[in-house]
1. If you place +1 on the Cβ of every Lys and Arg and -1 on the Cβ of every Asp and Glu, how big does the dipole about the Cα centre of the chain come out, in debye to the nearest 20?
2. Of L167, F180, G61, which is farthest along the charge dipole of the chain in the positive direction, counting Lys and Arg as +1 and Asp and Glu as -1 at C-beta?
3. Give me the percent of the accessible area of the range 1-101 that comes from carbon and sulfur atoms, probe 1.4 Å, all protein chains in place.
4. Classify the range 58-129 as rounded, prolate or oblate from the Cα gyration tensor: take a ≥ b ≥ c as the square roots of its eigenvalues, call it rounded if a/c is under 1.5, otherwise prolate when a/b beats b/c and oblate if not.
5. What FRET efficiency, computed as 1/(1 + (r/R0)^6) with R0 = 25 Å and r the Cβ-Cβ distance, is obtained for K79 and L179, rounded to the nearest 0.05?
6. Accessible area per residue of the chain at 1.4 Å probe, in Å²?
7. For K171, go through the lysines and keep the ones whose alpha-carbon is under 18 Å away, minus same-chain ones fewer than eight residues off.
8. Counting other Cβ atoms within 10 Å, which trypsin sites (Lys or Arg not before Pro) in the range 1-83 have at most 14 and lie in a DSSP loop?
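The values are calculated or read from the model by the stated rules, or taken from the named source; none is laboratory data. From a predicted model like this one, the values you see are computed outputs, not experimental measurements. Positions of Cβ are backbone-derived with ideal geometry, glycine not excepted, and every protein chain shown enters the neighbour counts. Side chains are part of the model used for accessible areas, which takes the heavy atoms of the whole protein and leaves out ligands, DNA and RNA. Shrake-Rupley method; radii C 1.70, N 1.55, O 1.52, S 1.80 Å.
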Amino acid sequence: ECGIHFSIVPVIEDVFPDDVHEYDGYLVTGSAFGVYDDAPFIPKLMDFLRDVHKARIPLAGVCFGHQIIAHALGGHAQKWSDGWGLGIRPVQLLAPCPWMADGDVKATLNDNVDLIHIHQDQVTSLPENAVLVGTSDFCKNAMFAIDNVVFSMQGHPEFTNEYAAALIDLKSDVIDPELFEDAHATLKNTHQGEQMGRWIMNFFAQHTKAA
């Protein structure tokens, strides 16, 4: 509807665009890796993200993507000492962005957005000029933006409840039993991943309209 087309670029297999302008925008997804892992693609990806940002090409991030964008642009991400953030958790909006709208209905200050979270790493400091868009009780830097060219979040708008439950089950041996049960209980509720997905599309679409 907005003329946006997608391609998957498997950077963990050392596949990168030849030039940042090969695409009109980038979304960095979740990953089993952390920004601190000794994997060859990680420093290369951070260099690439810095080039994308320097060129002011729109850049979005989810979970690992959120963390590595922050890390690459001068913030910091690390394994969190308080353990896992799991299940559907509310993110309170502190600075709603213009693209956070469905038609004429716009997000407002202090609105909550319920998103699925599965993470042990967190962004502990934001890049320079970043605005803290959303926060949660467990993850202070849950969502941020830089001007109108970066939009990044810790939560997973793309996950279904069933998929998230299956992932949590796979980690049952390293998760506190009480947290495990609480996370599964939250997944009996609905979340706003589809709404967040529309907001991400709006974020990219604003650039196609301005082009």
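1. Here the size comes out at about 580 debye.
2. G61
3. The nonpolar share, carbon plus sulfur, comes to 52 percent.
4. oblate
5. Details: r = 16 Å, r/R0 = 0.64.
The formula returns an efficiency of 0.95 here.
6. Details: 11060 Å² over 211 residues.
Ligands and nucleic acids excluded, the figure is 52 Å² per residue.
7. K79
8. Filter output for the range 1-83: R56.
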